[in-house]
């Protein structure tokens, strides 16, 4: 379920031209959610909107600016 929702998110972003095609099959796919999942599952800290925004602004967006699609 989580994987399907995340794949749909990538597909929509790709369709809008917000990300380079093929990122859903790259390490970027896992990297963008890793900090949130780690915080939730491993260190048992809250994943609130402020934290999600910090991750988006300081990690995800810079990564996406320099992202390359997955190699076949």
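Summary of computed values
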{"item": "Looking only at region 36-47, and only at residues there that are in a helix (DSSP H, G or I) and in contact with a helix residue (DSSP H, G or I) (Cβ under 8 Å, 6 or more places away or on another chain), the one that is nearest to residue 67 (Cα to Cα)", "result": "36"}
{"item": "Among (1) at pLDDT 90 or above; (2) not in a helix (DSSP H, G or I) - the single one residue 71 does not satisfy", "result": "(1)"}
{"item": "Selection from region 10-30 of residues that are surrounded by 14 or more Cβ atoms within 10 Å (Cβ to Cβ) and on the phi < 0 side of the Ramachandran plot", "result": "10, 13, 14, 19, 20, 23, 24, 25, 26, 28, 29"}
{"item": "Residues of region 32-47 classified as closer than 19 Å to residue 3 by Cα, surrounded by 10 or more Cβ atoms within 10 Å (Cβ to Cβ) and without any contact (Cβ under 8 Å) to a residue 24 or more places away in the chain, total", "result": "7"}
{"item": "Residue check, residue 50 assigned to a helix (DSSP H, G or I) and exposed (fewer than 13 other Cβ atoms within 10 Å of the Cβ)", "result": "yes"}
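A quick yes/no check of all residues on (1) under 12 Å from the mean Cα position of the chain (by Cα); (2) outside any helix (DSSP H, G or I):
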{"residue": "3", "(1), (2)": "yes, no"}
{"residue": "7", "(1), (2)": "yes, no"}
{"residue": "10", "(1), (2)": "yes, no"}
{"residue": "17", "(1), (2)": "no, yes"}
{"residue": "20", "(1), (2)": "no, yes"}
{"residue": "30", "(1), (2)": "yes, no"}
{"residue": "34", "(1), (2)": "yes, no"}
{"residue": "57", "(1), (2)": "yes, no"}
{"residue": "67", "(1), (2)": "yes, yes"}
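The values are calculated or read from the model by the stated rules, or taken from the named source; none is laboratory data. Nothing here was measured: the structure is a model prediction, and the numbers come from that model. With ideal geometry, Cβ positions are generated from the backbone for all residues, glycine too; neighbour counts draw on all protein chains shown.
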